[in-house]
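Just below is one structure, and these are the notes that go with it.
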Amino acid sequence: MKKIILFLLFFTELLFAQIDKVEPPFWYAGMQNPELQIMFYGKNIAQNEVSVSNGIVIKGVQKTENPNYVFVTIDTKNCPAQEFVFSFSKNNKVVFTEKYSLKQRRENSALRKSYDATDMIYLIMSDRFANGNPNNDSDKSVTEKGNRNLPGGRHGGDIEGMINHLDYLKELGVTALWPTPLCEDNDKNYSYHTYGQSDVYKIDPRFGTNEEYVKLSSELHKRDMKLIMDYVTNHWGAEHWMIKDLPSYDWIHQFPGYSQSNYRMTTQYDINASEIDTKNCVDGWFVPSMPDLNQSNPLVLKYLTQNAIWWIEYADLDGFRVDTYSYNEKEGIAKWTKSITDEYPHFNIVGEVWMHDQAQISYWQKNSPIAKIQSYNSNLPSVMDFTLHDAIGNVFNEDTANWSDGMIKVYDNFVNDFLYENSNNIMTFVENHDTNRFNEIYKNDFNKYKMAMTLIATVRGIPQLYYGSEIGMNGDKGKGDAAIRQDFPGGWNGDSNNAFLTSGRTKEQAQFFDFTSKLFQWRKTNEAVHFGKMTHYIPENNVYVYFRYTENKTVMVVINNNTKTQTFKTKRFQERIQNFKVGKDVFTNTNFDLKNDITLEGKSVLVLELN
């Protein structure tokens, strides 16, 4: 009887102490940082001791106050790709085992080339671009089901829809794709937004599968295009499985419980800021449904770092865009960023730093001369040019220039480029998924669209286009976020208007698309607007003139924001015109004699390649 009882006890332990999750699910041999932290999760798993086969060295085992977690750190230095076994024992008896794999990395994986100023990035609201597979619109494993009739619901856009239209994007001049987050978001509603993720190792089944995400990357690479992952370090969703069973109380920020961020990112470097204001900004939750992750907890930071690296290796990624970068605990996020760029020296990461002052934005860029004052370095290669976006949002309605209005706003934005460590590695944009639509602000005024797009295509930095801009899509943010995240026409079976096809576009859509495509196809080939130097001239009569140039190429850009035709003498620009005789308009192929005056119609642009 005693033997039977012992057997039953052993069988019960075997039954209830199995592993539910292992993260990362596998890893790669030959990483620069050989230390790998593996999280094992299962009912009362911490009651067991851990060992491993194949001579793998365990450097540490960490258990938290939650007995359902064990964090095991191993040393993979000089370990070839292989499979080995973890054993979980109690009272010197093996209760259960778990296989684990180190996989072979792609050749030259560490030296992968990322996106830079030669690229044009296309931002897609993933649920709203194209529904390639209507069968995955709803899934039994997630709460919210597809409902295209609900403005804020799941509409069915997915990875297959993106893949189906990569040739459209290539024709447009896109070289890098940035979809909004694709990992699972199991919120009861508004889950299409996907910034409140519930599993960061799993693609949301309504978007597709992990394998389909890898296929998207592969299909982009076949077309010499790049894939950028929208990564969220600051928070997860309240439905994340780990939030439901926290490894430790301090895995997230608690006050105790919930406190919302004050959103005052200036407290991160304000020498006069109070401690409570700083804490409420950094530790406060973005919204009630998004618990704030504690990057000062080493386990959390390691988890986030390894998850990011795992996706780079697994999906062969070309870069990150990081959401709400400046809300993170700044020392923690600097370590996270450095860990990734140490593994991948050429990997670009652009952080969302939504501020309205160049010095404050600069603070968050790697080697910032501003942050250096406080001995801080974010290690973040790229930031977003929100001040240029701010200027673009109203400048083209300012017909009469004065000391502070009109094109002087754009000029002044570049006056402050000395504040940035690397002004070439800044993302420029006229709108994104959180801002009002450019074509809504300017009522689909095509001339103003041309001026704005020409500007971001020809100044320093990396231009980013928001899906649908190229066909004149608009939408009033004042009516809710769904208005600026509408379905792309033609992305769903039965759409009456298919703007993906030349034959399906309206006259207005064709006008917008043809110009955008011509502009960004030209941009691909011109080194001067990639990394060339810039000389600009104080605007006169609301006309802004600037040059981008290298030793081999010079481009002259003229933006006439005046409603009236303007004629100007080229003599003023002689220092950059130098010995060039002719400027060829990249849009019309018309030649301009650079010795003569140039006349330009109101609200128009001129882009000249100098010969």
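The values are calculated or read from the model by the stated rules, or taken from the named source; none is laboratory data. No experiment lies behind these values; they were computed from the predicted model shown. We place every Cβ from the backbone using ideal geometry, glycine too, and count neighbours over all the protein chains shown. What goes into the accessible areas is simple: the full protein's heavy atoms, side chains included, and nothing from ligands, DNA or RNA. Shrake-Rupley method; radii C 1.70, N 1.55, O 1.52, S 1.80 Å.
Taking first residues from region 19-41 that are farther than 19 Å from ILE340 by Cβ and open to solvent by 30 Å² or more (accessible area, probe 1.4 Å) and partners that are part of a loop (DSSP other than H, G, I, E, B) and among the aliphatic types (A, V, I, L, M), the Cβ contacts under 9 Å between residues at least 6 apart in sequence or on separate chains come to TYR41/ILE19. Within region 575-591, at least one residue is among the acidic types (Asp, Glu), part of a helix (DSSP H, G or I), open to solvent by 30 Å² or more (accessible area, probe 1.4 Å) and modelled with pLDDT of 95 or more. Looking across region 244-270, the residues that are without any contact (Cβ under 8 Å) to a residue 12 or more places away in the chain and either part of a loop (DSSP other than H, G, I, E, B) or closer than 30 Å to ASP357 by Cβ (or both) come down to GLN254, PRO256, GLY257, ASP270. Within the bounds of region 435-449, is there any residue that is open to solvent by 10 Å² or more (accessible area, probe 1.4 Å), among the β-branched types (Val, Ile, Thr) and free of Cβ contacts under 8 Å to residues at least 24 places away in the same chain? No, every residue in region 435-449 fails to be open to solvent by 10 Å² or more (accessible area, probe 1.4 Å), among the β-branched types (Val, Ile, Thr) and free of Cβ contacts under 8 Å to residues at least 24 places away in the same chain. Only one entry in THR454, THR458, THR502 is within 30 Å of GLY156 (Cβ to Cβ), of a type in the set (Ser, Thr, Tyr) and at pLDDT 95 or above, namely THR502. For region 211-248, how many residues are of a type in the set (S, T, N, Q) and within 14 Å of PRO181 (Cβ to Cβ)? Qualifying residue count for the region: 2.
Is there a residue being of a type in the set (Asp, Glu), surrounded by fewer than 18 Cβ atoms within 10 Å (Cβ to Cβ) and outside any loop (DSSP other than H, G, I, E, B) anywhere in region 540-562? Among the residues of region 540-562, at least one is of a type in the set (Asp, Glu), surrounded by fewer than 18 Cβ atoms within 10 Å (Cβ to Cβ) and outside any loop (DSSP other than H, G, I, E, B), which makes the answer yes. Looking across region 556-574, the residues that are among the hydrophobic types (A, V, I, L, M, F, W, C), modelled with pLDDT of 95 or more and closer than 25 Å to ASN402 by Cβ come down to VAL557, VAL558, ILE559, PHE573. Of the residues making up region 531-539, none is at positive phi, in contact with a Phe, Trp or Tyr (Cβ under 9 Å, 6 or more places away or on another chain) and outside any helix (DSSP H, G or I). Within the option set VAL383, VAL410, VAL395, VAL415, being modelled with pLDDT of 95 or more and farther than 19 Å from PRO463 by Cβ holds for one residue only, VAL415.
Does region 257-265 contain any residue that is surrounded by fewer than 17 Cβ atoms within 10 Å (Cβ to Cβ), closer than 22 Å to TRP364 by Cβ and hydrophobic (A, V, I, L, M, F, W, C)? Checked against the condition, which is being surrounded by fewer than 17 Cβ atoms within 10 Å (Cβ to Cβ), closer than 22 Å to TRP364 by Cβ and hydrophobic (A, V, I, L, M, F, W, C), region 257-265 yields no hits at all. Within the option set THR64, THR118, THR73, being free of Cβ contacts under 8 Å to residues at least 40 places away in the same chain, at negative phi, surrounded by 14 or more Cβ atoms within 10 Å (Cβ to Cβ) and not aliphatic (A, V, I, L, M) holds for one residue only, THR73. Counted as qualifying within region 165-236 are the strands (runs of 3 or more DSSP E) with 1 or more residues that are of a type in the set (A, V, I, L, M, F, W, C) and out of contact with any helix residue (DSSP H, G or I) (no Cβ under 6 Å at 6 or more places or on another chain), namely 176-179, 226-232.
If the condition is being assigned to a loop (DSSP other than H, G, I, E, B), touching a strand residue (DSSP E or B) at 6+ places or on another chain (Cβ under 7 Å) and buried (at least 20 other Cβ atoms within 10 Å of the Cβ), then region 391-433 contributes ALA401, GLY406, MET407, TYR420, GLU431, ASN432.
If you check ALA528, ALA499 for being more than 22 Å from MET451 (Cβ to Cβ) and crowded, with 19+ Cβ neighbours inside 10 Å, only one passes: ALA499.
Among the residues making up region 184-232, those that are open to solvent by 20 Å² or more (accessible area, probe 1.4 Å), among the basic types (Lys, Arg) and under 25 Å from ASP245 (Cα atoms) are LYS188, LYS202. Can you name the residue in region 138-176 that is among the polar types (S, T, N, Q) and in contact (Cβ under 8 Å) with a residue 24 or more places away in the chain and, of all such residues, is least open to solvent (accessible area, probe 1.4 Å)? Filtering region 138-176 for residues that are among the polar types (S, T, N, Q) and in contact (Cβ under 8 Å) with a residue 24 or more places away in the chain, the one least open to solvent (accessible area, probe 1.4 Å) comes out as THR175.
Just one residue in the set VAL300, VAL322, VAL353 is β-branched (Val, Ile, Thr) and within 25 Å of SER218 (Cβ to Cβ); that residue is VAL322. Within region 516-525, being outside any loop (DSSP other than H, G, I, E, B) and open to solvent by 20 Å² or more (accessible area, probe 1.4 Å) holds for LYS518, GLN521, TRP522, LYS524. If the condition is being surrounded by fewer than 16 Cβ atoms within 10 Å (Cβ to Cβ) and in contact with a Ser or Thr (Cβ under 8 Å, 6 or more places away or on another chain), then region 88-108 contributes SER89, VAL94, THR97.
Against the definition (modelled with pLDDT of 95 or more and within 21 Å of ILE163 (Cβ to Cβ)), how does ASN66 come out, yes or no? Judged against the criteria, ASN66 is not a match.
Within region 464-471, does at least one residue satisfy the condition of being modelled with pLDDT of 95 or more, closer than 29 Å to ALA359 by Cβ and in a loop (DSSP other than H, G, I, E, B)? The answer is no; no qualifying residue exists.
Answer with yes or no whether TRP310 is open to solvent by 20 Å² or more (accessible area, probe 1.4 Å) and either farther than 30 Å from LEU220 by Cβ or within 22 Å of the chain's Cα centre (by Cα) (or both). No.
List every residue pair whose Cβ atoms sit under 8 Å apart, with the two residues 6 or more apart in sequence or on different chains, where the first one lies in region 97-115 and is within 16 Å of GLY30 (Cα to Cα) and charged (D, E, K, R) and the second, anywhere, is surrounded by fewer than 14 Cβ atoms within 10 Å (Cβ to Cβ) and modelled with pLDDT of 95 or more. Pairs found: LYS103/ALA81.
Table: residues versus (1) closer than 24 Å to GLU431 by Cα; (2) open to solvent by 10 Å² or more (accessible area, probe 1.4 Å).
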| site | (1), (2) |
| --- | --- |
| SER339 | no, yes |
| HIS356 | yes, yes |
| ALA359 | yes, yes |
| LYS372 | no, yes |
| TYR376 | no, yes |
| ASN379 | no, yes |
| VAL383 | yes, no |
